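The values are calculated or read from the model by the stated rules, or taken from the named source; none is laboratory data. These figures come from a predicted structure and were not determined experimentally. In this analysis, Cβ positions are derived from the backbone assuming ideal geometry, glycine residues included, and neighbour counts consider all displayed protein chains.
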Amino acid sequence: MEGLKAYTSVLDVGDPIDMATFYVPPAVGAQVITEVAQKGVREVWLNPGSESADLVARARALDIWPVLACSILGIGERPSDY
């Protein structure tokens with residue numbers, strides 16, 4: 001992705017990860033949320049369209065804080081600026 005290194009799994013990333021953001025359908029998020037928890041990620045932003053009640057419940061059960069909002073807000077920007 002534009003010259004950045006990509007990984008097959010979040011578990012392959014060597015550095016710690018504090019926060020993840022999902023831009024995928026809920027069914028895909030449900031497939032990776034366990035690895036995200038194994039990696040020690042404690043916060044996941046579920047962008048519009050990536051959230052579901054089941055995924056939110058699964059994240060909470062794995063001790064992950066789900067944030068249901070556009071993750072661009074997390075960097076102090078507004079989606080309307082883009």
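For the stretch 1-33, the candidate set comprises residues that are touching a Leu at 6+ places or on another chain (Cβ under 7 Å) and assigned to a helix (DSSP H, G or I); within that set, the residue that is surrounded by the fewest Cβ atoms within 10 Å (Cβ to Cβ) is Ala30. Residues in the stretch 35-75 that are under 10 Å from the mean Cα position of the chain (by Cα), farther than 10 Å from Met19 by Cβ and of a type in the set (S, T, N, Q): Asn47, Ser50. Looking across the stretch 33-81, the residues that are without any contact (Cβ under 8 Å) to a residue 12 or more places away in the chain and not hydroxyl-bearing (Ser, Thr, Tyr) come down to Ala53, Ala57, Arg60, Ala61, Ile72, Leu73, Ile75, Gly76, Glu77, Arg78, Pro79, Asp81. Among residues of the stretch 54-82 being surrounded by 12 or more Cβ atoms within 10 Å (Cβ to Cβ), assigned to a helix (DSSP H, G or I) and of a type outside the set (Val, Ile, Thr), the one that is modelled with the lowest pLDDT is Pro79. When the stretch 14-47 is filtered for residues that are more than 21 Å from Ile75 (Cβ to Cβ) and touching a Gly at 6+ places or on another chain (Cβ under 8 Å), only Pro25 remains.
Reported count of residues in the stretch 23-82, each being closer than 21 Å to Leu11 by Cβ and hydrophobic (A, V, I, L, M, F, W, C), is 18.
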